[in-house]
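Structure first, then comments.
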Amino acid sequence: MLNAIREFFDQHVGAAATAVPGDDRRAIELATAALLVETVRLDGEIDDAERAAALRAVRSKFGLGEAEAATLIRLAEEEAREATGYYQFTSLINRQFSAAQKERVIELMWQVAYADADLSAHEHHVVRKIADLLHVSHRAYIAAKLRARDAAQR
């Protein structure tokens, strides 16, 4: 698994790393993608609209091409399935992202949750939980949710 992740980043993202050196950048992208994937998986069925929203989110957040984003999502799905909790993802994000970047992650999670036009209690719970783990204020959490909801209604 780790070899597949390293190979992906070495081939597709390694040269583009600017904000965070090498392995840290790779880990933060995977951690963020894993949280988005977890939002997709929560209601028990992987909806095409939610998966497409997760792909769009990683493409825009990390400036990836379509193939790179699809590979990152695939790796994130594997990582999320093997994870025993959210700490391994949120701890990386807490160390590397600013408050505004963390709020953006929460907004992206909401965009994924709203993508299928059916916000489940599980989705609501996990986004709230991740916001708490990322130390996103309640005001910022609500603002991110409203922006995502408004974008979904357009």
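Report whether or not V127 is hydrophobic (A, V, I, L, M, F, W, C), part of a helix (DSSP H, G or I) and open to solvent by less than 50 Å² (accessible area, probe 1.4 Å).
Spelling it out, V127 is indeed hydrophobic (A, V, I, L, M, F, W, C), part of a helix (DSSP H, G or I) and open to solvent by less than 50 Å² (accessible area, probe 1.4 Å).
Give the stretch 66-78 a look and list any residue that's touching a residue at least 12 places away in the same chain (Cβ under 8 Å), surrounded by fewer than 17 Cβ atoms within 10 Å (Cβ to Cβ) and within 21 Å of R104 (Cα to Cα), or say none.
A70
Please verify whether the stretch 135-154 includes one or more residues that are of a type in the set (A, V, I, L, M), in contact (Cβ under 8 Å) with a residue 12 or more places away in the chain and either open to solvent by 70 Å² or more (accessible area, probe 1.4 Å) or within 20 Å of A27 (Cα to Cα) (or both).
Checking the stretch 135-154: not a single residue is of a type in the set (A, V, I, L, M), in contact (Cβ under 8 Å) with a residue 12 or more places away in the chain and either open to solvent by 70 Å² or more (accessible area, probe 1.4 Å) or within 20 Å of A27 (Cα to Cα) (or both).
Counting only residues that are part of a helix (DSSP H, G or I) and either under 14 Å from L42 (Cα atoms) or open to solvent by 50 Å² or more (accessible area, probe 1.4 Å) (or both), how many does the stretch 79-122 have?
Residues meeting the conditions: 19.
Within the stretch 37-54, track down each residue that is in contact with a helix residue (DSSP H, G or I) (Cβ under 7 Å, 6 or more places away or on another chain), open to solvent by 40 Å² or more (accessible area, probe 1.4 Å) and assigned to a helix (DSSP H, G or I).
R41, R51
A54: closer than 17 Å to E29 by Cβ, aliphatic (A, V, I, L, M), within 16 Å of the chain's Cα centre (by Cα) and modelled with pLDDT under 90, yes or no?
For A54, the condition - closer than 17 Å to E29 by Cβ, aliphatic (A, V, I, L, M), within 16 Å of the chain's Cα centre (by Cα) and modelled with pLDDT under 90 - is not met.
Only residues in the stretch 81-102 that are over 16 Å from V136 (Cβ atoms) count as the first member; pair them with residues that are of a type outside the set (A, V, I, L, M), Cβ under 8 angstrom, at least 6 apart or cross-chain, and list the lot.
That search, which allows pairs on different chains as well, returns A83/F89.
The values are calculated or read from the model by the stated rules, or taken from the named source; none is laboratory data. Just so you know, these numbers come straight off a predicted model, no measurement behind them. Here the Cβ is made from the backbone with ideal geometry for all residues, glycine too, and neighbour counts use every protein chain on show. Each accessible area value is taken on the protein alone, full model and side chains, heavy atoms only, with ligands, DNA and RNA left out. Shrake-Rupley method; radii C 1.70, N 1.55, O 1.52, S 1.80 Å.
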